[in-house]
1. If H88 meets every condition in (1) modelled with pLDDT under 50; (2) open to solvent by 30 Å² or more (accessible area, probe 1.4 Å); (3) part of a helix (DSSP H, G or I) apart from one, which number is that one?
2. Given the conditions (1) surrounded by 22 or more Cβ atoms within 10 Å (Cβ to Cβ); (2) on the phi < 0 side of the Ramachandran plot, report the number of the one that K167 does not fulfil.
3. Can you pull out the residues in the stretch 181-191 that are out of contact with any Gly (no Cβ under 9 Å at 6 or more places or on another chain) and surrounded by 15 or more Cβ atoms within 10 Å (Cβ to Cβ)?
4. Would you pick out the residues in the stretch 75-119 that are under 12 Å from L42 (Cα atoms) and not basic (K, R)?
5. Of all residues in the stretch 202-236, how many are touching a Pro at 6+ places or on another chain (Cβ under 9 Å), surrounded by 14 or more Cβ atoms within 10 Å (Cβ to Cβ) and acidic (D, E)?
6. For the stretch 157-172, state whether one or more residues are touching a Pro at 6+ places or on another chain (Cβ under 8 Å) and assigned to a strand (DSSP E or B).
7. Out of everything in the stretch 98-120 that is over 29 Å from S264 (Cβ atoms) and in contact with a Leu (Cβ under 9 Å, 6 or more places away or on another chain), what residue ends up being least open to solvent (accessible area, probe 1.4 Å)?
8. Please verify whether A160 is open to solvent by less than 40 Å² (accessible area, probe 1.4 Å) and without any contact (Cβ under 8 Å) to a residue 12 or more places away in the chain, treating the condition exactly as stated.
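The values are calculated or read from the model by the stated rules, or taken from the named source; none is laboratory data. Everything numeric in this text was worked out from a predicted model, so none of it was measured. Cβ: placed from backbone, ideal geometry, glycine included. Neighbour counts: every protein chain shown. Heavy atoms of the whole protein, side chains included, go into the accessibility calculation; ligands, DNA and RNA do not. Shrake-Rupley method; radii C 1.70, N 1.55, O 1.52, S 1.80 Å.
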Amino acid sequence: MPPSAAPVDRIPVSLLTGFLGAGKTTLLNALMQNPAMAGTALLINEFGEVGIDHHLVEKIDDSTVLLDSGCVCCSVQGDLVKALKQLHQRSSKREIPPLARVVIETTGLADPVPVIYTLMEERFIAARYVCDGVLTAVDATHGLAQLDAHREAVRQVAMADRLLVTKGDQADPATRARLDARLDSLNPGAPRLDVRHGRIEPDQLFGSGIYAPASKLPDVAAWLGEERSRDVEARAAAAAGPRLWRKTPAPRSHPARHDGSVSSFVVRFDAPVPWFGFAAAMGRVLQDYGPRLLRVKGLMNIAGERQPRVIQCVQNVAYPSVRLPKWPEGSPFDDGRGRLVFIARDLAPAEADAIRSTLARLPGDAAAIRAAAATPLLPTRCWLAERAAPAAPGGLELDGWVVQARRFNRRAGAGV
């Protein structure tokens, strides 16, 4: 089935999931430049106070929605259902082009179970959309440790229709073999596709048909059964409570699905920062706290540069920076100030304060270069080797929460 074809008269929905840092945004950016993805609406969910990822995805129409009220698995009766209803209504009224497909990118901390359950069981949604499949990105370098430490990562893999293994060129053969064995035990039936730099053809990802829990390990059906029980209890509690007049039904509440060990905080920079000084300071942060930093991501204002740099780190690994053509407008970044979002596990408040303190006292470039020379294995050595990162091919355009390309004749398969 081609990516643009819808089964019966319902709009296919694909869930793109995967733990923090697995490369979902890179994959989306490459996909959305492919002409075969025309008519695709994109819902992006983020965990944290300041959204980053939606600024990094190039879109071919005006159907991008940021789900920014928290983790989508904890608010399925809020933002997600509302966004799907609004998309369908706007498409029916021809306010946007006809919808051929919806792709939901979840935060890396999301449990996919409540999202799948909502797509299958929420009456309005199930009548108009069909869950086409679950795509799970798995980091070849960190995936095994994430599966050992995080329940969400296990569920993301077990529920997948396709497993997309990223960063395979960075993993040694022994690590990759252990990861493959673990994936075999969790989801032996899912095709496993290697993805380099986000490049993969849409017809390899979409067109599964209708999501079939019976084709997965028994755990998947059990998890969906538990979700049904939660939903029934929530409906019963709402029916027993006081009746209030509302224009729309009140969203049903769900208990928190993440333990209290996961936290998020933002570090803001009021002035442009010296690049090498920032790289050296972040290198020390990653050295000291890396195993507990699930993700660090943000935009930075670098002294002497007019364009913002995209910063991305996973645990104690810093990835090469890239530049956006301009600062996003209509967002927290329209003031041109740098911000980094930290998502951490088991990080004490005093340690978060220590990170803020380190980044508040950046050394000058000359001092940073001398210090880095004495620490050749600093995690940010790739930053210290660059002065100006190349801009992403094709550029990125933004208008508020809507990311829109200026032309439709993108070359198929173009990378990011």
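1. For H88, the failing item is (1).
2. (2)
3. L186, N187, A190, listed by residue number.
4. L80, A83, L84, L87, L99, A100, V102, V103, I104, E105, T106
5. 2
6. Checking the stretch 157-172: at least one residue is touching a Pro at 6+ places or on another chain (Cβ under 8 Å) and assigned to a strand (DSSP E or B).
7. Among residues in the stretch 98-120 that are over 29 Å from S264 (Cβ atoms) and in contact with a Leu (Cβ under 9 Å, 6 or more places away or on another chain), the one least open to solvent (accessible area, probe 1.4 Å) is L99.
8. For A160, the condition - open to solvent by less than 40 Å² (accessible area, probe 1.4 Å) and without any contact (Cβ under 8 Å) to a residue 12 or more places away in the chain - is not met.
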